[in-house]
């Protein structure tokens with residue numbers, strides 16, 4: 001599948017042909033008090049160590065295999081085993097929010113993703129109902145870790161919040177930033193993307 005870039009106040013990467021819906025007139029403004037008291041970082045959302053490792057290591061193994069195969073060679077048996085394990089860990093649809101607890105736009109983004117009403121399930125619930133997984137990555141902890149390799153660097157996600165969508169380990173969509181004045185407009189392409197996932 002081919003992908004293209006669409007600029008909508010923040011940078012988005014979406015499949016070709018997917019356009020953003022305009023913000024609906026008369027949307028209620030966000031409730032800043034509710035967003036700031038919202039439990040942002042939850043244990044069930046924290047990215048497990050094996051998923052982190054898979055996201056970090058799989059791209060390099062794929063690139064290495066591609067280079068080797070042009071020379072008539074291939075990965076070692078151990079590398080093939082690792083690659084297959086990483087691919088299995090990242091199989092399916094995954095959404096990752098990169099941010100930290102002191103970031104108000106990050107908190108607002110996850111609050112809006114989690115918010116439901118009488119007529120509609122939350123975007124996060126819609127995503128999960130389609131088999132999608134959701135993880136959070138604390139950007140400050142990642143940057144301050146002793147590891148030389150960091151996902152924040154790999155994903156170019158130092159400026160938060162960043163919302164990333166992956167299909168079988170490949171990044172297929174990205175949202176940078178959060179418009180606190182009009183979150184509905186910011187998330188309209190995300191809503192449309194989730195609706196398009198089969």
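The values are calculated or read from the model by the stated rules, or taken from the named source; none is laboratory data. Given the structure is predicted, the values throughout are model-derived calculations rather than measurements. Cβ coordinates were reconstructed from backbone atoms using ideal geometry, including for glycine residues, and neighbour counts include every protein chain displayed.
In the range 81-106, what count of residues is obtained for those that are in contact with a helix residue (DSSP H, G or I) (Cβ under 9 Å, 6 or more places away or on another chain) and under 11 Å from residue 58 (Cα atoms)? Of the residues in the range 81-106, 8 are in contact with a helix residue (DSSP H, G or I) (Cβ under 9 Å, 6 or more places away or on another chain) and under 11 Å from residue 58 (Cα atoms).
Of all residues in the range 61-80, those satisfying the criterion of being loosely packed, with under 13 Cβ neighbours inside 10 Å and within 21 Å of residue 172 (Cα to Cα) are 63, 66. Can you find a residue in the range 23-39 that is at pLDDT 50 or above, assigned to a loop (DSSP other than H, G, I, E, B), surrounded by 12 or more Cβ atoms within 10 Å (Cβ to Cβ) and in contact with a strand residue (DSSP E or B) (Cβ under 7 Å, 6 or more places away or on another chain)? Within the range 23-39, not a single residue is at pLDDT 50 or above, assigned to a loop (DSSP other than H, G, I, E, B), surrounded by 12 or more Cβ atoms within 10 Å (Cβ to Cβ) and in contact with a strand residue (DSSP E or B) (Cβ under 7 Å, 6 or more places away or on another chain).
When the range 155-167 is filtered for residues that are modelled with pLDDT of 95 or more and over 13 Å from the mean Cα position of the chain (by Cα), nothing remains. When the test is whether a residue is in contact with a helix residue (DSSP H, G or I) (Cβ under 7 Å, 6 or more places away or on another chain), farther than 29 Å from residue 197 by Cα and at pLDDT below 95, residue 143 passes it.
Within the range 177-192, residues that are touching a residue at least 40 places away in the same chain (Cβ under 8 Å) and on the phi > 0 side of the Ramachandran plot reach partners that are buried (at least 16 other Cβ atoms within 10 Å of the Cβ) and part of a helix (DSSP H, G or I) with beta carbons closer than 8 Å, at six or more positions or on different chains, in the pairs 177/105; 177/186. The condition of being in a loop (DSSP other than H, G, I, E, B) and at pLDDT 95 or above holds for only one of 82, 74, 50, that being 74. Could you grab me the full set of residues in the range 86-121 that are exposed (fewer than 15 other Cβ atoms within 10 Å of the Cβ) and either touching a strand residue (DSSP E or B) at 6+ places or on another chain (Cβ under 8 Å) or modelled with pLDDT of 95 or more (or both)? Result: 88, 91, 92, 101. Here is the figure for the range 143-168: residues that are buried (at least 16 other Cβ atoms within 10 Å of the Cβ), in contact with a strand residue (DSSP E or B) (Cβ under 8 Å, 6 or more places away or on another chain) and assigned to a loop (DSSP other than H, G, I, E, B) total 4.
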